Ligand code: OSB
Ligand code: MG
């Protein structure tokens, strides 16, 4: 596989509706795409870093600089074959920046797999041809507004609902959703680190609602706090932000900080490490599910392939394209009986539509591949 050019492309995509979490509101995604142009095909990667460093320390301008100045040069310097397996070791000396590392690995993997006609799903070890889709519902201005949104998603067939929560928007919305839609709805909450251990008794008031899980109630670094909280509430604790690698997943589980894990490739440095997180959790008997970061069809294709692995036993934040975008970059992912189909074509199995890509492109930086 010979690469001629790396393209760092920034696109601007408006969300169909603003997405509010405990850390901020996202209305327009500013997304970094990496395209590796090889002698016989392209490889695409999508970076999940957001505009501001609020979910984690990474942000899109920073990731862009790290990819350009610290990661691509390390790949160009490789004397061995450039494969996805070689990417992690090549980046090992660079501390942190998992989202920047992940987008480059994703592009290399797409290029490599496309070249030999293998799909992401096959490569990662998918055992399903479709995956159940959940939907992440942002914090809203009022409970009636929230109930309207949840009714809409349930009517579309979503297999589970996740409510974003924060202090002041937790017990009332959960109670209202249970009262209106019943106990059968698969329901979970995500705090994005908005609480402290002092809120344990408050969070225990979620116990009667039979939630599947509470995601990341406490700060990223507070593994001990999550273990203490898990001992005080009945709702299973799931970690997102804290799980930065397979080793971190092993540690958090051994310490009793979580009994369920959210897997996001961008957060752990790539799809290969994400598979290792899956494997560690499977070995420890801990179920996982696939998180999302408001991706276009490119990132969604890879996520849906990952979500088809055997230990992904809960529905993921892998929603249909129309939940996010009026026009996706790729042919849209659509809900079929509450599921998204796993792409089977070579590589990601999807390609950006050239006209749509041109419409949303803000800038393109081309970097010649010098070896
Ligand atoms: O915490 O899971 C999260 C989006 C951006 C950043 C963090 C999170 C999310 C979501 C949305 O919950 C998931 C999705 O539908 O892509
Ligand atoms: Mg989360």
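Numbers below:
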quantity: Residues being under 15 Å from residue 253 (Cβ atoms) and in a loop (DSSP other than H, G, I, E, B) - total across region 217-242; calculated: 4
quantity: Elements of type helices (runs of 4 or more DSSP H) in region 252-371, at least 1 residues being over 28 Å from residue 239 (Cα atoms); calculated: 354-360
quantity: Matching residues, region 167-191, being within 16 Å of ligand 2 (Cβ to nearest atom) and over 16 Å from residue 235 (Cα atoms); calculated: 169
quantity: Test: residue in region 27-34 that is closer than 27 Å to residue 75 by Cβ and either without any contact (Cβ under 8 Å) to a residue 60 or more places away in the chain or assigned by TED's automatic domain parsing to the domain that holds residue 267 (or both); calculated: no
quantity: Extreme residue, farthest from the chain's Cα centre (by Cα), among residues of region 181-192 that are surrounded by 15 or more Cβ atoms within 10 Å (Cβ to Cβ) and more than 14 Å from ligand 1 (Cβ to nearest atom); calculated: 181
quantity: Any hit, region 231-238, residues being within 13 Å of ligand 1 (Cβ to nearest atom), out of contact with any helix residue (DSSP H, G or I) (no Cβ under 6 Å at 6 or more places or on another chain) and modelled with pLDDT of 95 or more; calculated: yes
quantity: From 204, 159, 246, 155, residue being more than 16 Å from ligand 2 (Cβ to nearest atom), out of contact with any strand residue (DSSP E or B) (no Cβ under 8 Å at 6 or more places or on another chain), closer than 30 Å to residue 279 by Cα and assigned by TED's automatic domain parsing to the domain that holds residue 290; calculated: 246
quantity: Qualifying residue in region 286-307 (condition: assigned by TED's automatic domain parsing to the domain that holds residue 130, more than 16 Å from ligand 1 (Cβ to nearest atom) and over 26 Å from residue 164 (Cβ atoms)); calculated: no
quantity: Answer from 271, 195 - the residue that is buried (at least 17 other Cβ atoms within 10 Å of the Cβ) and in contact with a helix residue (DSSP H, G or I) (Cβ under 6 Å, 6 or more places away or on another chain); calculated: 271
quantity: Residue 27 being touching a strand residue (DSSP E or B) at 6+ places or on another chain (Cβ under 8 Å) and part of a loop (DSSP other than H, G, I, E, B); calculated: no
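The values are calculated or read from the model by the stated rules, or taken from the named source; none is laboratory data. For clarity, every value in this text was computed on a predicted model and none was experimentally measured. Positions of Cβ are backbone-derived with ideal geometry, glycine not excepted, and every protein chain shown enters the neighbour counts.
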